[in-house]
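Written out below as structure tokens is the structure these notes cover.
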Amino acid sequence: MTLPFALASLPADLPGAKALGALTALGVLGTGVSFVLFYTLIAEVGPTKSSLVAYVAPGFSVLYGVTLLDEPFGPATFAGLVMIVGGSWLSAEGRLPWRPRAVLVAQPTTKAPEAVR
């Protein structure tokens, strides 16, 4: 759908080899490998727990901002990270950390299985 707009506004020069190499590296290594890992994770632990990986991004953003850009790390940032980690924990485990895990035990049945109709 955007092809006519792209053709109408072609650049005067093509990008150089460095720019094309960087674009290819980002597309193949960054996006391609991450999709393979994400779909493998879905197959291993299921879609619910796999979606929690998105909550890791704000933590890395804060880490990079504080270490590389000298951004301040204040109480609000700390509280936000605690809420993100806490919400992720509750989503993954479905319980508070100090409560024991529920153990599911199969109950024997005395009834004969019904025929499938």
Cβ pairs under 6 Å, 6+ apart or interchain, first in the stretch 37-52 and free of Cβ contacts under 8 Å to residues at least 24 places away in the same chain, second not polar (S, T, N, Q), ordered by first then second residue, are Ser50/Leu41; Ser50/Ile42
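Specify which of the listed residues (Val53, Val66, Val82) is of a type outside the set (Lys, Arg), over 24 Å from Glu93 (Cα atoms) and part of a helix (DSSP H, G or I). Working first, answer last.
Values: Val53 fails: over 24 Å from Glu93 (Cα atoms); Val82 fails: over 24 Å from Glu93 (Cα atoms).
Going through Val53, Val66, Val82 in turn, the sole match is Val66.
Regarding Leu63, is this residue under 13 Å from the mean Cα position of the chain (by Cα) and surrounded by 10 or more Cβ atoms within 10 Å (Cβ to Cβ)? Lay out the reasoning, then the answer.
On the way: under 13 Å from the mean Cα position of the chain (by Cα): no; surrounded by 10 or more Cβ atoms within 10 Å (Cβ to Cβ): yes.
Spelling it out, it is not the case that Leu63 is under 13 Å from the mean Cα position of the chain (by Cα) and surrounded by 10 or more Cβ atoms within 10 Å (Cβ to Cβ).
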Collect the residues in the stretch 8-36 that are farther than 30 Å from Ala57 by Cβ, at pLDDT 90 or above and of a type in the set (A, V, I, L, M, F, W, C), keeping them in residue-number order.
Ala8, Ala17
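Quick one: would you say Leu23 is hydrophobic (A, V, I, L, M, F, W, C), surrounded by 10 or more Cβ atoms within 10 Å (Cβ to Cβ) and not in a loop (DSSP other than H, G, I, E, B)? It would help to see each step written out before you state the result.
Numbers: hydrophobic (A, V, I, L, M, F, W, C): yes; surrounded by 10 or more Cβ atoms within 10 Å (Cβ to Cβ): yes; not in a loop (DSSP other than H, G, I, E, B): yes.
In short, yes.
The values are calculated or read from the model by the stated rules, or taken from the named source; none is laboratory data. Owing to the predicted nature of the structure, the values given are computational and were not obtained by experimental measurement. Cβ coordinates were reconstructed from backbone atoms using ideal geometry, including for glycine residues, and neighbour counts include every protein chain displayed.
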